[in-house]
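The values are calculated or read from the model by the stated rules, or taken from the named source; none is laboratory data. Values in this document were obtained by computation on a predicted structure and should not be read as measured data. FYI the Cβ positions are ideal-geometry reconstructions off the backbone, even for glycines, and counts take in every protein chain you see. With ligands, DNA and RNA removed, areas are computed over all heavy atoms of the protein, side chains included. Shrake-Rupley method; radii C 1.70, N 1.55, O 1.52, S 1.80 Å.
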Amino acid sequence: MAKLIVDGKEVEVPDHYTLLQACEEAGAEIPRFCYHERLSIAGNCRMCLIEVKGGPPKPQASCAMGVRDLRPGPNGEPPEVMTKSPMVKKAREGVMEFLLINHPLDCPICDQGGECDLQDQAMAYGIDHNRFHENKRAVEDKYIGPLVRTRMTRCIHCTRCVRFTTEVAGISELGLIGRGEDAEITTYLERAMTSELQGNVIDLCPVGALTSKPYQDKARPWELTKTESIDVMDAVGSNIRVDARGKAVMRILPRVNELVNEEWISDKTRFVWDGLDTQRLDRPYVKKGGRLQAASWPDALAAVARQVKKTKADKIGAIAGDLATVEEMYALKKLMTSLGSASLDCREPGSVLDPARGRASYLFNATIDGIEDSDALLIIGANPRLEASVLNTRIRKRFRAPEDYPIGVIGEKADLRYAYQHLGTGPKTLADLVSGKDKFAATLKKAKKPLILIGQSALTRADSEAILALAAQLAVNVGAVSGDWNGFSVLHTAAARVGGLDVGFVPGKGGKATAEIMAGCDLVFLLGADEIDMKAVKGFTVYIGSHGDAGAHRADIILPGSAYTEKSGTYVNTEGRVQIANRAVFAPGEAKEDWAILRALSAELGHKLPFDSLAQLRAQMFGEHPHLALAEEIAAGDASDVKKLADKVGKVKAAPFASTVADFYLTNPIARASKVMAECSSMFAAGMAEAAE
């Protein structure tokens, strides 16, 4: 720790702090444009100037000067720093004047207006006139893809976007070329950016040089109602803010959560909002004469009731989709139980994960934040970059840390944005690691906190039971499951999966699993289940969901539900963290919240569910599953459950692992309804074809 005096106030801070951090610790406000806590220090903008007593007779850039660089006073007094002296005030005014020399007066038409750092700091630290009378320079706008709009004349060359793409996203797609007034940010060849995290440069840009292309000219910040919620595009559970005007969602932005997504979100999370209004189911439909026809709610519920009454209980099944909330899965399970059916499943791909084996058998036990504590990583049957983009940034962050971080991959050889050792493609390599034949096993054993990451492609095969047991054996053998560390970590790809497993939305005694429900049930309830092979569904189908996707096309009766921005619900992310999504807008037309549909249906069936409101439903659910009441907390699994998994033995097949995410941009009904995601998908496919050639 080091002591220093900031504006007459003595503070003690860690000696690795920059002066900017030290000043803020003392309560001083330091303006900045180029400095960002999660990026390397550039020292470009010079807006963070301060005065150091006893130092050089000129202002110092506080972001680029460390506390340990200061010298004590002549009698050993703590170093003194001033942030409000006349020298500092004049220096900041000068810097701001230079920054505004070429900046155009675009505020009335700039999408950054109202939330622009340059506007705010010009008001606080600038002057009311400009002495520059020469012609302003202009810079040609660049095409960098369908997501980010460029107005490069506004650019102040802070290089935040360059550092983000290089350091966090892991691909050098932006750079600064030229010198002096010819300097400009570009993609060099003016090609579209390929990173699935590129939208974050919009938030990082302190001016209006990089803005959201889909959001262009849509709304002003002060017009929007802002709702804190949770993302459901993957199982990471990124914290988001949904901005809406009237009945429409206008944009989605990240919220800071150091334990989950820090302040990043994927492009699918950020830009999928246009799919919320497209291909919506806004009224019930009943199939008559081979065609779906609009119906009233009483008629649709009565039609379902008639079908239920003429179907045997053991021939009724239910499948929950990837975007379902815990509440609606709990309600559907209660309804199915009251009907006498044990055939229900939340595992659309048909994975072997089972809550009966304990919570530790299906959680990302190391936690997302815990990735930074691990010192070796083995990835089995997963592509984190496509399956959990934000989680992948944590792996890259740990990879870039000074300490060595060996990474091994068993599965397809893909660009993960960091270097790794490709060990093999299938279960045989995993078996070699367990037996010690593969040298990487020794690397894992040397590590104090090894992390074993198991992806869904390893868990949705005929031999997945044996693969899961092998992964558990390896975790035990290399010390990944110890007293204070559980590195056995399952990476989920669906937001609903862990919550469904938590409430036991899996086949009961004598019940059927997903594949058996599709082939062997005469009546099938699909709760937003669109990722299954609809041709394999043989029975009468009741679809409860928000979009006209695969499930609605197969359905005999459609009961329109709500999208994730239109209901309050609980989600449990891949690490087991309980999170609450809040309603930002109302569902269109006659669509209802899914739990309310199930409650109304239960009354029509004569098996009325014992709750009349969401609060009553949650109270009952919390009584049966107390850990779901602990929002933003993780009920850790028992490490002994992993050791029990390791005791099982089975035969594995030679077939290689392949990622379950073939197209990052089209993984669910909302994404497939989005025009922006469709454009990104076509560009992604073209890029893959070009790379293959």
Sum of side-chain charges, Gly94 neighbourhood, beta-carbon under 11 Å (Lys, Arg +1; Asp, Glu -1): +3
Between the range 436-479 and the range 357-387, the Cα center-to-center distance that results, in Å: 11
Shape call, the range 134-246: gyration tensor on alpha carbons, a/c limit 1.5: oblate
Most positive-pole-ward Cα, Val260, Gly569, Ala654, against dipole of the chain from beta carbon charges: Ala654
Three-way shape label, the range 373-412, alpha-carbon gyration tensor, a/c 1.5: oblate
Percent RCO, i.e. relative contact order, over the chain, from Cα pairs under 8 Å lying at least 6 residues apart: 15
Area of Glu97 that stays accessible when all protein chains are in place (1.4 Å probe, Å², to 10): 30
Viscosity 0.692 mPa s, temperature 37 °C, Stokes-Einstein D of the chain from Kirkwood C-alpha radius, µm²/s: 119
Reduced Cα scattering model of the range 9-66, Debye log10 I(q)/I(0), q = 0.21, 0.22 Å⁻¹: -0.81, -0.89
Carbon + sulfur, % of accessible area of the range 45-163 - ligands and nucleic acids excluded, 1.4 Å: 56
Estimated inter-spin distance, Asn135 and Ala655, nm [label 7 Å along Cα→Cβ]: 6.7
Label point at Ile41 placed 7 Å out along Cα→Cβ; residues across the range 57-87 whose backbone nitrogen lies under 14 Å: 60-71
Of Val148, Ala555, Gly487, farthest towards positive along the dipole that unit charges on Lys, Arg, Asp, Glu beta carbons give the chain: Ala555
Sequence-distant residues sharing a close amide H with Leu281 (under 5 Å, placed H): His547, Gly548
Degrees separating the helix 614-624 axis from the principal Cα axis of the chain, which is the longest one: 80
The range 482-626 - Rg and Dmax from Cα coordinates, angstrom: 16.8, 54
Mean separation of Cα contacts under 8 Å (6+ apart) over length of the range 39-127, as relative contact order %: 28
Farthest positive-ward along the chain dipole, Cα basis, beta-carbon charges - from Gly687, Thr460, Leu105: Thr460
Assigned charges on the beta-carbon of Lys, Arg, Asp, Glu; the range 426-499 dipole about Cα centre (debye): 260
Taking the range 400-453 and dividing mean pair separation by its residue count, relative contact order in percent (alpha carbons under 8 Å, at least six apart): 24
Angle between the chain longest axis and helix 297-309 axis [Cα atoms, degrees, rounded to 10]: 50
For the range 581-598, 3J(HN,Hα) per residue [Karplus equation, 6.51 cos²θ - 1.76 cosθ + 1.60, θ = phi - 60°, Hz, x = Gly/Pro]: 9, 10, 6, 9, 9, 9, 5, x, x, 9, 5, 10, 5, 4, 5, 5, 4, 5
Rounded accessible area per residue of the chain, 1.4 Å, Å²: 41
Cα gyration tensor category, rounded, prolate or oblate, for the range 541-592 with a/c compared to 1.5: oblate
Efficiency of FRET from Cβ geometry, Lys644 and Lys53, R₀ 45 Å, rounded to 0.05: 0.10
Mean Cβ neighbour count within 10 Å, used as a protection proxy, ranking 594-603, 297-306, 623-632 highest first: 594-603, 297-306, 623-632
Karplus-derived 3J(HN,Hα), 6.51/-1.76/1.60, for each residue of the range 38-45, Hz, glycine and proline x: 9, 10, 5, 7, 10, x, 7, 7
Highest-first arrangement of 526-533, 513-520, where packing means the average Cβ count within 10 Å: 526-533, 513-520
Pairwise FRET efficiency - Ile127 versus Glu372, Cβ, R0 = 45 Å, nearest 0.05: 0.55
With all protein chains modelled, accessible area of Glu12 [1.4 Å, Å²]: 100
Protein-only accessible surface order, largest first, of Lys509, Lys428, Lys84 at 1.4 Å: Lys509, Lys84, Lys428
The chain: antiparallel DSSP beta bridges as a percent of all, rounded to 5: 55
Size of electric dipole in the range 42-201: Cβ of Lys, Arg +1 and of Asp, Glu -1, about Cα centre, debye, nearest 20: 480
Amide H contacts of Thr541 (H built 1.01 Å from N, under 5 Å, at least 5 apart or other chain): Val524, Asp556, Ile557
Distance between the range 1-45 and the range 546-604 - C-alpha centres, whole angstrom: 47
Rounded Å value of the spacing that divides the Cα centres of the range 237-268 and the range 121-145: 30
Accessible carbon and sulfur surface of the range 476-526 relative to its total accessible area, %, 1.4 Å: 51
Calculated from backbone phi, Karplus (6.51, -1.76, 1.60) coupling profile of the range 272-277 in Hz, x at Gly/Pro: 6, 4, 5, x, 5, 9
On Cα atoms only, tilt of 86-99 relative to the major axis of the chain in degrees: 60
For Lys53, solvent-accessible area (1.4 Å; no DNA, RNA or ligand), Å²: 120
Estimated dipole of the chain in Debye, rounded to 20 [Cβ of Lys and Arg +1, of Asp and Glu -1, Cα centre]: 1460
Simple spin-label estimate for Ile109 and Ile177 in nanometres, 7 Å along Cα-Cβ: 2.7
Mean ellipticity per residue at 222 nm, deg cm²/dmol - from DSSP H runs of n ≥ 4 across the chain, formula -39500 (n - 2.57): -7500 deg cm²/dmol
Volume in Å³ per residue [convex hull over Cα atoms, computed for the range 184-304]: 193
